[in-house]
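**Student:** One structure, pasted below without further comment.
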Amino acid sequence: MLQEGMQAPAFTLSDKDGKQVSLSDFIGKKVVVYFYPKDNTPGCTRQACAFAEDFAEFGNKNAVVIGISKDSVQSHARFAEKYNLPFILLSDPELKAIQAYGVWQEKKLYGKTSMGVVRTTFIIDEEGKIAKVMDKVKPDTNARQVLRLL
C-alpha cells in the first residue's frame, strides 16, 4: 500500500477528449487524484459534483483535481458534459494507475465478493510525493476534507 512520503507512481492516461495526461505535467502544483468506481452512479456523481462545486477553491490553492476510473474516454466525456465537470477525468481501462495506487481491491456488496475500485483520494505535493492518503472516503464530504487539508 502506498504511504505518505512515498513518490507517487507516475501515470499517463487519456482524458475525456483522448488527450494524454501525465502526472509529471503538474510538477510544481498540488495534485488531488481521486479514484472512483464508475461514471454516472449515485455516489460517484455526488463526489464529482462536490469537486466541481469547489473547483475554483482548488485553483486558489494551486491544486489540480484529477478523477480516475476504468470507464472509457467516451463515458468520461458524457459524464463531464452532463454534470459540467471542469476538472480532468482520466480513463484507465487497463487498470495501470488503479493497480499502481493499490485501489483495485476485493469488495463485498450484498454478500457477493468481486474486484473493484475502492474510493480513495491521494494528495500529491509539488515534488510528486504523496502528502496524504484518504481511503474509503465518503462521496459527499471528500472534496471539503481535501480542501481543509490543502
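The values are calculated or read from the model by the stated rules, or taken from the named source; none is laboratory data. Every value quoted in this text rests on a predicted model; they were computed, and no experiment measured them. Backbone-built Cβ (ideal geometry, glycine too); neighbour counts: all protein chains shown. When the accessible area is computed, the model is the full protein with side chains, heavy atoms only, and any ligands, DNA or RNA have been set aside. Shrake-Rupley method; radii C 1.70, N 1.55, O 1.52, S 1.80 Å.
**Student:** Test K96 against the stated conditions and say whether it is surrounded by fewer than 17 Cβ atoms within 10 Å (Cβ to Cβ) and at pLDDT below 95.
**Tutor:** In short, no.
Yes/no per residue for (1) of a type outside the set (A, V, I, L, M); (2) closer than 13 Å to F11 by Cα:
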site: F26; (1), (2): yes, yes
site: V33; (1), (2): no, yes
site: A48; (1), (2): no, no
site: F55; (1), (2): yes, no
site: D71; (1), (2): yes, no
site: K96; (1), (2): yes, yes
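**Student:** Of all residues in region 10-53, which are over 13 Å from the mean Cα position of the chain (by Cα), surrounded by 18 or more Cβ atoms within 10 Å (Cβ to Cβ) and in a loop (DSSP other than H, G, I, E, B)?
**Tutor:** K16
A quick yes/no check of all residues on (1) among the hydrophobic types (A, V, I, L, M, F, W, C); (2) in contact (Cβ under 8 Å) with a residue 40 or more places away in the chain:
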{"position": "E94", "(1), (2)": "no, no"}
{"position": "A100", "(1), (2)": "yes, yes"}
{"position": "W104", "(1), (2)": "yes, no"}
{"position": "K107", "(1), (2)": "no, no"}
{"position": "Y110", "(1), (2)": "no, no"}
{"position": "V117", "(1), (2)": "yes, yes"}
{"position": "I123", "(1), (2)": "yes, yes"}
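**Student:** Is it the case, given these coordinates, that L90 is in contact (Cβ under 8 Å) with a residue 24 or more places away in the chain, of a type in the set (A, V, I, L, M) and open to solvent by 10 Å² or more (accessible area, probe 1.4 Å)?
**Tutor:** Judged against the criteria, L90 is not a match.
**Student:** Let me ask something else. Anything in region 54-86 that is in a loop (DSSP other than H, G, I, E, B), buried (at least 18 other Cβ atoms within 10 Å of the Cβ) and without any contact (Cβ under 8 Å) to a residue 40 or more places away in the chain? List them, or say none.
**Tutor:** Matches in region 54-86: D71, L85.
**Student:** For region 80-114, name all the residues that are touching a His at 6+ places or on another chain (Cβ under 9 Å) and of a type in the set (G, A, S).
**Tutor:** Within region 80-114, S91 is the sole residue that qualifies.
**Student:** Moving on to the next point. Please give the number of the condition S24 fails out of (1) closer than 17 Å to H76 by Cβ; (2) modelled with pLDDT of 95 or more.
**Tutor:** (1)
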